[in-house]
Amino acid sequence: MGSSTSDNHVIHIWEINKDRLKYMHQKISNPPRILTKTAAKTSCSIFKVPTSFIEINGKSYQPHVVSIGPYHHSQPHLKMIEEHKWQYLGNLLSRIEIKGLNLEDLLKSIEPLEKDSRDCYSESIEFNKDDFLEMMLLDGCFIIELIRKVGNVVKVEDDDPIFTMQWITTFFYRDLLRLENQIPFFVLERLFELTKLEEDCSSLSGLALNFFNHGLVRPPGILTRFGNLKARHLLDLVRSSYINFDQPERTEEDDPTPSHIIHCVSKLRRAGIKLTQGTADSFLVVKFKNGVIEMPTITIDDAMSSFLLNCVAYEQCHNGSSKHFTTYATFLDCLVNTYKDVEYLCDKNIIENYFGTDVEVARFINNLGKEVGFDIDRCYLAKLFNDVHGYYKNDWHVQIAGFKYTYFDTPWSFISAFAAFVLLILTIVQTYYTVYGTYF
């Protein structure tokens, strides 16, 4: 009988590191700071733009000359205007002395707004109370002084470099409409009302819209209509002034028929669908009737491109905001496939191109609609999408339009078709007389 050997199995018991457990419990108990719970509330309206948008559209969301609010505060390349903010605050204080107001009064007026102001930001603000209120006051008064000067409510000093160097104000029109570069509108309203003099009868909304009208050119009459418009911040104010509230978004109770994405301009034209210049004040008011899409003119330049991108980003982030600009961006993205589609829209005065080449505009429009969440069944253009799709799918329209597009789209194609028709008639006549002469 042989000897037997038994294997010795060693069992290792893993002991949990107490420090690791403590660290994990701390992580569990600590609330999120990069995207706080307030970001889900409608009161939260100022967001960091998603990284995916920045990867597509670059620096269109970041300020170039002036920082407003906490997200880009104290960045080195924005310090030039930071010094001028203090000068503007000093000018304002010297003017309101007649009302018996001073710096302390202004700080006390916005102190009750601190918590609500912090809740407007999607990320935790690493400022103590004094620093936060100082920033709100300095940035708010700078904006108010700036729009008052542009609106001729306050005299512009001859040696003010902000106005003597035109390139600076050009960037203001863009920087003050960037999503990451906002402060709450109710802070601006509090400071505006407190610093008004008796002879100043302007409204904050009216002055702000007049200011941005220098960057986003619109008919002057529009501004008076929105003089008392309420908003969450300046970007939301200007965005809201474009929205036609007679074109609401669809709800679940509306027509449940699923909507359809439409084709590009070139394909629509082959199906007999025409595009013409609309007359509405806002480019968002798009209509379709009897095979014709009416689109008001949109001027695409550096200011408008930045504005559109930030409006889309805002609608994507804000809970409860309408998605009018997101819908319009998607609609444009559908229409434009190549530079030829842009060329046609320019020829029809639907697009005024001050942005670059037709290729660059096409690329911008296609990027505008990338990575966005879009509910076609609940958007304000849902019926238009359906109607255009239905017209496009109609075989009769397609056949007639295809014939016209092939033979009558240009003078040369018409001449060729006419020549072929004449040749056909002559051939028939010749054949007839040949047969007639043979048998008769």
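Assorted remarks:
- Unique match (being touching a helix residue (DSSP H, G or I) at 6+ places or on another chain (Cβ under 7 Å), surrounded by 15 or more Cβ atoms within 10 Å (Cβ to Cβ) and over 23 Å from ASN367 (Cβ atoms)) among LEU284, LEU234, LEU308: LEU234
- Scanning the range 111-127 turns up no residue that is at positive phi and in contact (Cβ under 8 Å) with a residue 24 or more places away in the chain.
- Of residues in the range 197-216 being in a helix (DSSP H, G or I) and among the polar types (S, T, N, Q), the one least open to solvent (accessible area, probe 1.4 Å): SER205
- All positions within the range 252-276 that are at pLDDT below 85 and either surrounded by 15 or more Cβ atoms within 10 Å (Cβ to Cβ) or on the phi > 0 side of the Ramachandran plot (or both): SER259
- Members of the range 214-230 that are within 16 Å of PHE307 (Cα to Cα), in contact with a helix residue (DSSP H, G or I) (Cβ under 7 Å, 6 or more places away or on another chain) and either of a type in the set (A, V, I, L, M) or modelled with pLDDT under 75 (or both): LEU216
- Hits in the range 174-196 - residues which are assigned to a helix (DSSP H, G or I) and of a type in the set (D, E, K, R): ARG174, ASP175, GLU189, ARG190, GLU193
- Helices (runs of 4 or more DSSP H) wholly inside the range 100-154 that include at least 2 residues being buried (at least 16 other Cβ atoms within 10 Å of the Cβ) and over 31 Å from the mean Cα position of the chain (by Cα): 103-110
- In the range 318-354, residue surrounded by the most Cβ atoms within 10 Å (Cβ to Cβ) [restricted to those that are of a type in the set (Phe, Trp, Tyr) and over 16 Å from the mean Cα position of the chain (by Cα)]: TYR344
- Taking the listed residues ILE68, ILE81, the one that is modelled with pLDDT of 95 or more and hydrophobic (A, V, I, L, M, F, W, C) is ILE68, with no other qualifying.
The values are calculated or read from the model by the stated rules, or taken from the named source; none is laboratory data. Note that the coordinates shown come from a computational prediction; the quantities given were computed from them, not determined experimentally. So basically every Cβ, Gly included, is an ideal-geometry build from the backbone, and we count neighbours across all protein chains shown. Side chains are part of the model used for accessible areas, which takes the heavy atoms of the whole protein and leaves out ligands, DNA and RNA. Shrake-Rupley method; radii C 1.70, N 1.55, O 1.52, S 1.80 Å.
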